[in-house]
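Enquirer: Okay, handing you the structure first.
The values are calculated or read from the model by the stated rules, or taken from the named source; none is laboratory data. Model, not experiment: these values are computed from the prediction. All Cβ positions, glycine included, derive from the backbone under ideal geometry; neighbour counts span all protein chains shown. Just the protein is used for accessible areas: all its heavy atoms, side chains included, with ligands, DNA and RNA removed. Shrake-Rupley method; radii C 1.70, N 1.55, O 1.52, S 1.80 Å.
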Amino acid sequence: MSTAIQNVQSIYQAFGAGNVPAILEALDRDVQWDVWREHSAQRAGTPHLQPRRGPDEVMAFFQVLSGLTFHEFKVLGGSGDERQVAAEIDIDFSVGATGRRVRDEELHLWTFGADGKVTRFRHYVDTAKHAWVHGLVAKA
């Protein structure tokens, strides 16, 4: 098993334990978190999918997540090499402010530098569902 895959497994274990400092420690100081050239959920204002740079801004991502209720978060599998790891996720969450709940199948793409730190992370999601659960768009 690659070191990168082990690092991703450790990050998800830390997430499950609510250990955000351990996750931030795994990030490069210049990490790009959900940085896209064009992203419809970002344009809609979806709080947890906004672009962030550096661990301090990524901390804001976890603060947004604290306002969500996770009914399920399962890592179904993953694969990769020393540079990138893709993880398949099954997620079910709700947003208290809207009372809406959504289930989604996601891919998370983790990119690593030579030092084993995360240099880039991206959510590949059903963007309409994620914007809808926050009350930002009408359900399709």
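Enquirer: Given a 1.4 Å probe and heavy atoms of the protein chains only, how would you sort Val75, Val35, Val64, largest accessible area at the top?
Expert: Val75, Val64, Val35
Enquirer: Pairs of Cα atoms under 8 Å, at least six residues apart: use those to get the relative contact order of the stretch 47-95, whole percent.
Expert: On the way: 53 pairs, mean separation 16.1, N = 49.
Relative contact order here is 33 percent.
Enquirer: Then there is this: Run the reach check for Lys139 against lysines, Cα to Cα strictly under 23 Å, same-chain hits fewer than 8 apart removed. What comes back?
Expert: Correct list for Lys139: Lys129.
Enquirer: Additional query: Starting from the Cα of Ala86, step 7 Å along the direction of its Cβ; do the same at Ala114; then give the gap between the two resulting points in nm.
Expert: Here the answer is 2.7 nm between the modelled labels.
Enquirer: While we're here: Using only Cα atoms, find the angle between the long axis of helix 54-65 and the longest principal axis of the chain, and express it within 0 to 90 degrees, rounded to the nearest 10.
Expert: On a 0 to 90 degree scale, this one is about 40.
Enquirer: On a 0 to 90° scale, report how tilted helix 3-17 is relative to the longest principal axis of the chain, with both axes built from alpha carbons and the result rounded to the nearest 10.
Expert: 40 degrees
Enquirer: Can you sort Lys139, Lys117 by 1.4 Å-probe accessible area, starting with the largest?
Expert: Descending order: Lys139, Lys117.
Enquirer: May I ask for the distance between the Cα centers of the stretch 71-130 and the stretch 1-57, given as a whole number of Å?
Expert: So the two Cα centres are separated by 9 Å.
Enquirer: Something else: Could you compute Rg(Cα) / (2.2 N^0.38 Å) for the chain, with N its residue count?
Expert: On the way: Rg = 14.6 Å, N = 140, 2.2 N^0.38 = 14.4 Å.
Taking N as the residue count of the chain, the ratio is 1.01.
Enquirer: Here's another thing I want to ask about it. Heavy-atom accessible area of Asp81 with all protein chains present, probe 1.4 Å, nearest 10 Å²?
Expert: About 80 Å², rounded to the nearest 10.
Enquirer: Taking Cα pairs under 8 Å and at least six residues apart, what relative contact order does the stretch 1-101 come out at, in percent?
Expert: Numbers: 125 pairs, mean separation 25.8, N = 101.
Result for the stretch 1-101 is 26 percent.
Enquirer: Could you run the Debye sum over the Cα atoms of the stretch 1-64, one equal point scatterer each and no solvent, and tell me log10 of I(q)/I(0) at q = 0.13, 0.17, 0.21, 0.29 Å⁻¹, two decimals?
Expert: Each listed q corresponds, in turn, to -0.40, -0.65, -0.91, -1.21.
Enquirer: Still on this model: Would you kindly state how much longer the chain becomes between Asp104 and Glu38 on full extension, computed as 0.36 nm times their sequence separation minus their alpha carbon distance, in nm to one decimal? Each step should come with its number before you reach the end.
Expert: Numbers: separation 66, 0.36 × 66 = 23.76 nm, distance 2.09 nm.
Result: 21.7 nm gained on full extension.
Enquirer: Can you find, among Thr111, Leu68, Ala26, the residue sitting farthest towards the positive end of the charge dipole of the chain, where Lys and Arg contribute +1 and Asp and Glu -1 at Cβ?
Expert: In the chain, that residue is Leu68.
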